[in-house]
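Peer 1: Have a look at the structure that comes next, please.
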Amino acid sequence: MSVKIDYVVAPGGALRGRARVPGDKSISHRAIMLGSIAEGVTRIRGFLEAEDALATLAAFRRMGVAVEGPDSGRLTIYGVGMHGLKAPSEPLDLGNSGTSMRLLCGLLAGQPFDSVLIGDASLSRRPMRRVTEPLKQMGAKIETTPEGTAPIRIFGGRKLTGIHYQMPVASAQVKSALLLAGLYAEGETCVVEPAPTRDHTERMLLGFGYPVRREGKRVCLQGGGKLQGCDLDVPADISSAAFFLVGASIAPGSEVLLEHVGINPTRTGVLEILRLMGAKIEVLDPRSIGGEPVADLKVSYAPLQGIRIPEALVPLAIDEFPVLFVAAACAEGETVLTGAGELRVKESDRIQVMADGLKALGIDARPTPDGMVIRGGQLKGGRVHSHGDHRIAMAFAIAALRAQGPIEIEDCANVATSFPGFAELAGRLGLALEAVRRG
Ligand code: S3P
């Protein structure tokens, strides 16, 4: 990477105003994938023009899909149908994006051609056997490194057969990869989740006219059908809104209205956890947009208390823990998180990296194998490292609202993977953030 970006955030202040954060990352990935293999045209509004979703878009362009845009979140995809993708001439580089890589494993396992998936240093460390093993059970031929990581080589022309798979981890990426492979498999593919995970794939398949059956913890589909192009409106990403939900909750004098936020119940763990801590969040004008629930969220300052986070909420808030740890650092008393070992295999080891950073800022944060114990206290200023993880960078920027001195955060360029314009938007709402280029 050539240019390095650090954040320097002055302490104190409040967040005030209204904003629409960028489009939902999970939904944006899926819109490209399903639009590409659908018949006819798919028009998308609110698409997330950030590096991760753009990596998915570039991969499908390399496989011969014609796409106009993105232009201010608008995109037109000319679907090639279930069997219209072309062999990519080079490895598909998915950058930092775990969702692109894992979902593509499933989709590409059912194609007649070979493909290779690569990613950046962080993505090349992340576990991929969780998708390649069940795909092999379906008949796919896939190779990873001996460590079970990328590069991933997928051999085409294999006959896939549906399986009934009990997932050992609660993962929407694994579930989605198997459902996408299941589209190309003979018979029925069923996935059973140990706990509910985000269900955007299932909802969007239905939107494209593909039958999906849900019975309790089981999701099933029959292979061999087809998808019909449609119009999609991508809501604002609750995972991006989360930074301002926490920021406004911890900074006295704050009041923020976040517009058109996706409030799919498989994503709203952050609202429930913050409310259990005493946050003041109102859900205004709830509505349904293209099969996904949406609302405006009004959040104002409220003193927070430490809690024991219910384990059932963990998969429903899995991406929000970096900033929830900041909320815990500003709360009265102790917050205990358990059952969240998955955080160790995200873009960084989010348990260790957040504990190290919070300790550097004077907070008693004790990492455990599957969570953290945080005692609320006074944040000092200091220098922390994001380890190239977008959500760690943004979480520590928000922490400055309650710090005694400036917080410097190293290596923030990857904020562009999920939240383009974060520094500007946070600045407009009242965060004194300066992005400094190095190198
Ligand atoms: C995602 C699922 C989650 C989440 C990731 C996006 C998705 O990952 O952390 O940011 O779009 O399906 P896991 O399935 O690994 O929990």
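Peer 1: Which of the residues that make up segment 197-218 are farther than 30 Å from GLU320 by Cα and buried (at least 18 other Cβ atoms within 10 Å of the Cβ)?
Peer 2: The answer is TYR210, and nothing else.
Peer 1: Here is a follow-up. Condition first: among the small types (Gly, Ala, Ser) and in contact with a Ser or Thr (Cβ under 8 Å, 6 or more places away or on another chain). Now tell me which residues in segment 146-204 satisfy that.
Peer 2: Scanning segment 146-204 gives GLY148, ALA150, GLY156, GLY162, ALA170, SER171, ALA172, SER176, ALA181, GLY182, ALA185, GLY187.
Peer 1: Okay, moving on. Could you check segment 45-56 and list, in sequence order, the residues that are under 20 Å from SER176 (Cα atoms), buried (at least 24 other Cβ atoms within 10 Å of the Cβ) and among the aliphatic types (A, V, I, L, M)?
Peer 2: Hits for segment 45-56 are LEU48, ALA53, ALA55.
Peer 1: At pLDDT 95 or above, crowded, with 20+ Cβ neighbours inside 10 Å and farther than 17 Å from ARG102 by Cβ: which single residue out of LEU221, LEU117 fits that description?
Peer 2: Numbers: LEU117 fails: farther than 17 Å from ARG102 by Cβ.
Of the residues listed, the single one that is at pLDDT 95 or above, crowded, with 20+ Cβ neighbours inside 10 Å and farther than 17 Å from ARG102 by Cβ is LEU221.
Table: residues versus (1) within 16 Å of the ligand (Cβ to nearest atom); (2) assigned to a strand (DSSP E or B); (3) of a type in the set (Gly, Ala, Ser).
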{"site": "LEU75", "(1), (2), (3)": "no, yes, no"}
{"site": "GLY79", "(1), (2), (3)": "no, yes, yes"}
{"site": "ALA87", "(1), (2), (3)": "no, no, yes"}
{"site": "GLU90", "(1), (2), (3)": "no, no, no"}
{"site": "GLY95", "(1), (2), (3)": "yes, no, yes"}
{"site": "SER100", "(1), (2), (3)": "yes, no, yes"}
{"site": "LEU104", "(1), (2), (3)": "yes, no, no"}
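Peer 1: Give VAL192, VAL234 a once-over and let me know the one that is more than 12 Å from the ligand (Cβ to nearest atom) and surrounded by fewer than 19 Cβ atoms within 10 Å (Cβ to Cβ). Talk me through it step by step, then tell me what you get.
Peer 2: Details: VAL234 fails: surrounded by fewer than 19 Cβ atoms within 10 Å (Cβ to Cβ).
When all the criteria are applied, what remains is VAL192.
Peer 1: Filter segment 237-265 down to the residues that are surrounded by fewer than 17 Cβ atoms within 10 Å (Cβ to Cβ) and in a loop (DSSP other than H, G, I, E, B) and list them by number. Outline the logic, then answer.
Peer 2: Narrowing segment 237-265 to residues surrounded by fewer than 17 Cβ atoms within 10 Å (Cβ to Cβ): 252-253, 255, 265.
Across segment 237-265, the qualifying residues are PRO252, GLY253, PRO265.
Peer 1: Looking at segment 392-415 only, could you name the residues that are in a helix (DSSP H, G or I) and farther than 17 Å from GLU320 by Cα? Working first, answer last.
Peer 2: Narrowing segment 392-415 to residues in a helix (DSSP H, G or I): 392-402, 413-415.
Of everything in segment 392-415, those that are in a helix (DSSP H, G or I) and farther than 17 Å from GLU320 by Cα turn out to be ALA400, LEU401, ARG402, ALA413.
Peer 1: With the condition kept exactly as written, say whether any residue in segment 393-403 is under 23 Å from PRO315 (Cα atoms) and in contact with a Gly (Cβ under 7 Å, 6 or more places away or on another chain). Step through it out loud before you land on a result.
Peer 2: Step one: filter segment 393-403 for residues under 23 Å from PRO315 (Cα atoms), giving 393-396, 398.
In the following step, the residues that additionally are in contact with a Gly (Cβ under 7 Å, 6 or more places away or on another chain) were identified as 396, 398.
Yes, because at least one residue in segment 393-403 is under 23 Å from PRO315 (Cα atoms) and in contact with a Gly (Cβ under 7 Å, 6 or more places away or on another chain).
Peer 1: Would you say LEU379 is crowded, with 24+ Cβ neighbours inside 10 Å and touching a residue at least 24 places away in the same chain (Cβ under 8 Å)?
Peer 2: Values: crowded, with 24+ Cβ neighbours inside 10 Å: yes; touching a residue at least 24 places away in the same chain (Cβ under 8 Å): yes.
Judged against the criteria, LEU379 is a match.
Peer 1: Considering only segment 291-306, how many residues are assigned to a loop (DSSP other than H, G, I, E, B) and surrounded by fewer than 19 Cβ atoms within 10 Å (Cβ to Cβ)? Walk me through it before giving the result.
Peer 2: Step one: of segment 291-306, the residues assigned to a loop (DSSP other than H, G, I, E, B) are 291, 301-304, 306.
Imposing the further condition that a residue be surrounded by fewer than 19 Cβ atoms within 10 Å (Cβ to Cβ) reduces the set to 291, 302-303.
Total satisfying the criteria: 3.
The values are calculated or read from the model by the stated rules, or taken from the named source; none is laboratory data. As the structure is a prediction and not an experimental result, all values here were calculated from the model. As a convention, Cβ positions derive from the backbone with ideal geometry for all residues, glycine included, and neighbour counts pool all protein chains shown.
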